[in-house]
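Heads up, the thing below is written out as structure tokens.
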Amino acid sequence: MGAAWRATHVQGTGPLQVLTRERPIPHGDRARPGGSCRHSATFPARRRTVSPRVAALGPKDLMITKRALYQLHKYCGLVAAVFILIQAASGVLLLFQDTLGPRLDAGRPPTQTTDGAAADTVRLRRLQAVLATAHPNATLRRLDFPSQADAPYLAHLTDPDGRARYVALDPTSAGILRDGSVWRFPAIALLRLHDQMLTGRPGTAVIILVGLATLMVTLTGLAHWWPRPGRWRQSLTIQRGQPARMILRQGHRILGAVAAVVIAISTLTGLTLAVPMVLAAPSPPPTATLATMSDWGGALVLARARFPAHPVRDLRSRGADLLDVYFRAPEYGPVAVHQVTVDLLSGHETLSVPADRNTDAWVVALPIHTGGMAGATGLGLALFAGLSLATLAITGPAMWLHLALVKARNRRRRMAGAPSPVTAIQKVRS
């Protein structure tokens, strides 16, 4: 018979305590009265520091807090799962917008051009003439200049009935490459899905709610997973030899914990971009049609005199007589721009904002949101955040659905009088 030790009482109250233990006497030994022999061991007492706030909480209080975190995480995730998946998937695809967007929206490769800034004014007049011929009653809201040598111009129009129309134009011949609604331009449709849910300002408000739900799910999930001291390695390891549902649950927890920081950063910067889009006053739409609008070429010449060495990013019509001209300023950031506003009626400059003084939310937050401020490393982190969020948005509801189906099956078995198998999910200690 082996020696089975058991503690009886502790002697002493100082730093060194004496633990008195008893073990049964094996058969054949000479027994003393009492049937056991006493052994004493002296060892340092283990001191534990507990904050007064935690000490005031009982086990039930801590259990309720943990359960509340789990319930909040679960229901926020279930309600917003589809929207989170849409945001994550569209965001991942938009990371490659500069590479794939021009080719998707042009329909066919445009003619390459090596002309410099001097040809912009002449080309702009040709583009306006082509657009006025094709859509004389439409209004031109915005004209995006190519960011690459083989990319097209992209005109944003508004039809007389108020519907948005887009036209891709060849940079050399000014010929129309593609013309139609947003559904004929995959890259634009993807962007409108990501930042407006294809419904304008109401869709952006929904995006804000989805962002808040994503932030709540991320923080509550991280708080629920947070391990006790000494259990970090175990909490970041998937234990082998378990049922598939347990491996899925552990993988969901570990992936969420590892990606929590980058997901939170992506969500916060996304909210920084979306909130001003809802709160800002809408820009007045242009009133002049393409057949009667002013020539933008003269305004471009005037604006270029302010920033002659920078390529044009886009032109935006504002109201009846204002034109905003944006120039790329990569020396200040990936999406930094110089802005010049020109009055089309008087032909005078009304506003000039250099890139180092441009503090618009999209100029500051967009490079962080897309990872552009850190080059290839930032792109990799943004891609990891998007893929992780999409995976979590799938695995979370999948686990809930599996458990719901198991409970429903057990309920039917109980009603039929058949015994139900053990289906409780084991608790993963953290």
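Bear in mind that the values in this text are calculations on the coordinates, not laboratory data. If you're wondering where the values come from, they're calculated on a predicted model, not measured in any experiment. So basically every Cβ, Gly included, is an ideal-geometry build from the backbone, and we count neighbours across all protein chains shown.
Summarising the label geometry, the points placed 7 Å from Cα in the beta-carbon direction at LEU209 and ARG67 lie 2.9 nm from one another. With the simple spin-label model, which puts each label point 7 Å out from Cα in the Cβ direction, the THR359 to ASP161 separation comes to 4.5 nm. Measuring between their Cα centroids, the range 162-241 and the range 146-161 lie 23 Å from each other. Give me the log10 of I(q) over I(0) for the range 192-344 at q = 0.10, 0.11, 0.14, 0.20 Å⁻¹, as the Debye formula computes it from C-alpha points; what are the numbers? Evaluating at q = 0.10, 0.11, 0.14, 0.20 Å⁻¹ gives log10 I(q)/I(0) of -0.62, -0.69, -0.88, -1.22.
Rounded to whole Å, the principal axis extents of the Cα atoms in the range 131-212 read 47, 32, 17, largest first. Here r is the Cβ-Cβ distance between THR133 and THR287 and R0 is 22 Å; the resulting FRET efficiency, rounded to 0.05, is 0.60. Here the extension length gained between PHE96 and LYS407 equals 107.7 nm, from 0.36 nm per residue of separation less the Cα-Cα distance. Averaging Cα coordinates gives a centre for the range 344-386 and one for the range 257-299; these two points are 11 Å apart.
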